[in-house]
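Okay, so here's the structure we're looking at.
The values are calculated or read from the model by the stated rules, or taken from the named source; none is laboratory data. The shown structure was predicted, so the numbers you read here are calculated from the model rather than taken from an experiment. Neighbour counts are summed over all protein chains in view; Cβ atoms, including those assigned to glycine, are modelled from backbone coordinates with ideal geometry.
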Amino acid sequence: MEEVSSPRRGLTDRWEGPVFNLVCAVYFFTVAPVVVRAGDRAMRYPEATVIWFGVAILVISLLEVYAFPRKMRFVARAAHDRGDTMEAGFWLWMFHTVISVILVFQVAGAFGVKVGEGEDDSMPWWLGLLIFVVVIKELVFLGFILVGDDKPPPERYARPNRKEWPLDLILIAYACLAYSATWGAITTNLSMERENPPMYALNLFVSSLLFLIFYLPLRIPYWLEELSRVKTKKDVAWLVASVLIVLVPVILRLP
């Protein structure tokens, strides 16, 4: 009976989201610039090849296929155990799908595939097939998001659970690399116009919004569980503080 003590479980799974954001914040200050530069080359210079970047994105994307459904099962069981439900997953999934398709083109660019630059201005057939496979994968993910908590767990679910930790590592790595390879690479040459206070304030707001649009879909299981736990103003404050852990340093580092 000790295993299902709710205060301890509530404390441990409440820290999953902030720890996820803290690790990503550290990444954005250290490794991210290297990945962003590689993503920028793959995106803007078709003649360039960045093999390690393409391999890294491909490997972590395949690992996400393994980790995401399993993590969603753990999250759904924990939410069901607390009597909570998970909502807002569909909109996050839509942006996750867009990011996944962008990653396909980034991998192709990293290996020197010149999409849309041939004589007939078309993409290779295998790239179209790969995009189709990615869309099917995303539809499977949607199933885990929407109906993953319909089946009640056979027994109460206690945390911390070490079976989740490898999944967490994979999903954190995926979020970091995928963000850098997509929105990070897209915005690497943009200016925040710090010398113009009104424009800087506007750019801060827009950049924060776009950051959340690209970042939150990369941590769907954690965000859904965080939302399912919001019951009081204190819960809202905890959720906002968790997001600010990664939002503030990333936005302030923009040029």
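Here are some notes:
This table checks each residue for (1) modelled with pLDDT of 90 or more; (2) part of a helix (DSSP H, G or I); (3) within 17 Å of the chain's Cα centre (by Cα).
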{"site": "VAL35", "(1), (2), (3)": "yes, yes, yes"}
{"site": "GLY54", "(1), (2), (3)": "yes, yes, no"}
{"site": "ARG77", "(1), (2), (3)": "no, yes, no"}
{"site": "HIS96", "(1), (2), (3)": "yes, yes, yes"}
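- Residue in region 232-254 that is without any contact (Cβ under 8 Å) to a residue 24 or more places away in the chain, out of contact with any Asp or Glu (no Cβ under 7 Å at 6 or more places or on another chain) and at positive phi present: no
- Members of region 56-75 that are at pLDDT 95 or above, surrounded by 17 or more Cβ atoms within 10 Å (Cβ to Cβ) and of a type outside the set (A, V, I, L, M, F, W, C): SER61, GLU64
- Count of residues meeting criterion [touching a residue at least 24 places away in the same chain (Cβ under 8 Å), assigned to a helix (DSSP H, G or I) and under 21 Å from PHE211 (Cβ atoms)] in region 79-93: 4
- Positions within region 244-255 being assigned to a helix (DSSP H, G or I) and surrounded by 11 or more Cβ atoms within 10 Å (Cβ to Cβ), in sequence order: LEU244, ILE245, VAL246, LEU247, VAL248, PRO249, VAL250, ILE251
Conditions tested, residue by residue: (1) surrounded by 23 or more Cβ atoms within 10 Å (Cβ to Cβ); (2) over 28 Å from ALA108 (Cβ atoms); (3) in contact (Cβ under 8 Å) with a residue 40 or more places away in the chain; (4) not aromatic (Phe, Trp, Tyr).
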{"residue": "ALA181", "(1), (2), (3), (4)": "yes, no, yes, yes"}
{"residue": "THR188", "(1), (2), (3), (4)": "no, no, yes, yes"}
{"residue": "MET192", "(1), (2), (3), (4)": "no, yes, yes, yes"}
{"residue": "GLU195", "(1), (2), (3), (4)": "no, yes, no, yes"}
{"residue": "ALA201", "(1), (2), (3), (4)": "no, yes, no, yes"}
{"residue": "SER207", "(1), (2), (3), (4)": "no, no, yes, yes"}
{"residue": "LEU210", "(1), (2), (3), (4)": "no, no, no, yes"}
{"residue": "LEU216", "(1), (2), (3), (4)": "no, no, yes, yes"}
{"residue": "ILE220", "(1), (2), (3), (4)": "yes, no, yes, yes"}
